[in-house]
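Trainee: So that we are looking at the same thing, I have put the structure below in structure tokens.
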Amino acid sequence: MLLKAFLDYLRYERGASEKTILSYRSDLMAFESFYKSLDSELSWDTLDVDVVREWVVSTMERGGKATSVKRHLSALRSFYRFLLRRGYVEHNPVQGLVAPKGERPLPAFVREEEMTRLLDGDGMFADTFDGRRDHLIIAMFYETGLRLSELVGLNVQDVDTAAQVLRVVGKGNKQRNVPFGPGLLHLINIYIGERAGQADAAEESFFVTRDGHRLKHARVRAMVKQQLGLVTLQQKRTPHVLRHTFATSMLNHHADLQSVKELLGHEKLSTTEIYTHTTFEELKKAYNAAHPRA
């Protein structure tokens with residue numbers, strides 16, 4: 001409804017050409033598809049700047065050009081100016097957001113000592129079911145590099161504690177195995193013990209609320225932002241930042257780029273082709289040797 005109202009405004013009040021209208025429609029529908037893929041409950045009036053930043057990063061990582069991102073952001077700005085003037089929304093998530101100047105924005109990450117303080121410091125997480133679950137979520141993001149959708153989508157059968165492997169469904173419904181170390185295993189076992197008292201035996205979701213239902217994307221994003229705010233002043237505090245932090249930590253501890261790309265589940269690279277010859281056992285060895293918490 002909001003998009004149609006905006007397009008009608010362009011057509012009948014601004015006298016925009018059909019080419020311009022189709023361009024706006026395409027850009028805004030593409031963005032709507034993106035945020036709905038993150039969380040089906042999101043809407044134009046509930047978006048925040050972190051979701052827009054996540055779209056920028058995701059677009060650039062897929063090889064999108066800075067000029068294309070700038071065009072999309074321009075469409076979003078025009079759309080939200082219209083929505084604000086008509087009273088359809090109360091805030092503009094694009095306001096103050098700077099478009100990338102180069103082909104790729106520099107990835108934001110949290111420093112290793114800050115992550116250590118968050119994960120190992122006293123009083124960083126509440127001594128409750130929610131607190132222990134959130135502790136595990138932050139640790140899992142940092143120690144495996146999962147995407148938000150991959151973490152929220154985990155089912156009980158995807159977490160193999162015996163093999164210390166997560167079976168992840170990534171983009172394009174493609175599966176990969178991601179190893180994890182004993183520190184994360186310890187947190188997983190604690191959580192599994194408490195989860196049994198929160199969720200029905202038939203509930204397949206691994207991460208659940210206190211009511212025993214699958215955790216929502218928005219809840220995880222808000223928690224990550226709050227927890228990272230305890231140890232860093234940087235503006236970007238999203239699950240995707242923790243994904244960058246994982247990759248940065250691996251490379252800082254001498255993992256080869258090929259292994260990191262495989263662990264992250266990247267398919268398309270702008271400067272090099274994807275490596276397909278690294279076996280899972282080699283990936284596991286690279287992980288155990290390189291990650292500071294393995």
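The values are calculated or read from the model by the stated rules, or taken from the named source; none is laboratory data. Keep in mind that what you see is a predicted model, and the values were worked out from it rather than measured. Because the Cβ atoms are built from the backbone with ideal geometry, glycine has one as well, and the counts that use them run over all protein chains shown.
Trainee: Restricting to region 52-77, name every residue that is within 17 Å of G96 (Cα to Cα) and in contact (Cβ under 8 Å) with a residue 60 or more places away in the chain.
Mentor: The answer is R53, E54, V57.
Trainee: With the requirement that a residue be assigned to a helix (DSSP H, G or I) and over 15 Å from F82 (Cβ atoms), what does region 1-30 give you?
Mentor: Hits for region 1-30 are E18, K19, L22, S23, S26, M29, A30.
Trainee: Go through the residues of region 213-231 one by one and say whether even a single one is over 19 Å from G131 (Cα atoms), of a type in the set (A, V, I, L, M, F, W, C) and out of contact with any Asp or Glu (no Cβ under 9 Å at 6 or more places or on another chain). Don't jump to the end; show me each part of the working.
Mentor: Filtering region 213-231 for residues over 19 Å from G131 (Cα atoms) gives none.
No, the conditions are met nowhere in region 213-231.
Trainee: In addition: When residues of region 105-136 are filtered for being out of contact with any Pro (no Cβ under 9 Å at 6 or more places or on another chain) and part of a helix (DSSP H, G or I), how many remain?
Mentor: Total satisfying the criteria: 14.
Trainee: Residues in region 93-102: is at least one assigned to a helix (DSSP H, G or I) and surrounded by fewer than 17 Cβ atoms within 10 Å (Cβ to Cβ)? Before the answer, list the steps.
Mentor: As a first pass, look at region 93-102 and keep what is assigned to a helix (DSSP H, G or I): none.
Checking region 93-102: not a single residue is assigned to a helix (DSSP H, G or I) and surrounded by fewer than 17 Cβ atoms within 10 Å (Cβ to Cβ).
Trainee: Can I ask one more? Report every pair of residues separated by at least 6 positions or lying on different chains whose Cβ atoms are under 7 Å apart, first residue within region 1-21 and within 15 Å of A75 (Cα to Cα), second of a type in the set (K, R).
Mentor: L7/R25; I21/R11
Trainee: When you scan region 214-228, do you find a residue that is more than 22 Å from V52 (Cβ to Cβ) and surrounded by fewer than 16 Cβ atoms within 10 Å (Cβ to Cβ), even just one?
Mentor: No, there is no match, as no residue in region 214-228 is more than 22 Å from V52 (Cβ to Cβ) and surrounded by fewer than 16 Cβ atoms within 10 Å (Cβ to Cβ).
Trainee: Right, here's the next one. Just checking, does region 142-156 include any residue being assigned by TED's automatic domain parsing to the domain that holds M223 and in a strand (DSSP E or B)?
Mentor: yes
Trainee: Quick check: is even one residue across region 36-49 in contact with a Pro (Cβ under 9 Å, 6 or more places away or on another chain), assigned to a helix (DSSP H, G or I) and not assigned by TED's automatic domain parsing to the domain that holds K236?
Mentor: Checked region 36-49: at least one residue is in contact with a Pro (Cβ under 9 Å, 6 or more places away or on another chain), assigned to a helix (DSSP H, G or I) and not assigned by TED's automatic domain parsing to the domain that holds K236.
Trainee: For region 138-164, give me each residue that is within 20 Å of the chain's Cα centre (by Cα) and over 20 Å from V220 (Cβ atoms).
Mentor: Listed by number, the list is empty, since nothing qualifies.
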